[in-house]
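Single-structure report; data block below.
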Amino acid sequence: MRHQNCPRPHEGVKEVTKPRKGKNPHLGESFDSFLKEEGIYERVQTTAIKRVLAMQLEDAMKQKNLTKVEMARRMKTSRVQLDRLLDPENDSVTLATLRRAAAIVGREVRLELV
């Protein structure tokens, strides 16, 4: 039973609707094509590769029980240089440095152009 002073349903009540967004222009695209369209594909790829390499190198160091100080000593470099190599955001590592680090932990670097 409805109270007499209550308006009928929807009477005097504005309907609140969400504003419709336009269709997503990226819907159905690959993530790579989205990144390319945004102009950040190369940077994202470089950062992703460096993060994986840094993680793999740190994991290999742990497996070999190598501290950063010992790793730097074996690489004949400074701890600061090793920190740059292990920094996922720093992509200015040389291939020679990466190969040297990989060899110390019993790994090798493989590159491929695809």
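The values are calculated or read from the model by the stated rules, or taken from the named source; none is laboratory data. The model shown is predicted, which means the values in this text are computed figures rather than measured ones. Ideal geometry is used to build each Cβ from the backbone, glycine not excepted, and the neighbour counts take in all protein chains shown.
Data table
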| read-out | value |
| --- | --- |
| All positions within region 85-110 that are loosely packed, with under 10 Cβ neighbours inside 10 Å and within 15 Å of residue 56 (Cα to Cα) | 89, 106, 108, 110 |
| Subset tally (residues that are within 24 Å of the chain's Cα centre (by Cα) and of a type in the set (Gly, Ala, Ser)) for region 73-95 | 1 |
| Given (1) modelled with pLDDT of 90 or more; (2) of a type in the set (Lys, Arg); (3) over 22 Å from residue 113 (Cβ atoms), index of the condition residue 2 fails | (1) |
| Subset tally (residues that are buried (at least 17 other Cβ atoms within 10 Å of the Cβ) and within 17 Å of residue 45 (Cα to Cα)) for region 56-84 | 0 |
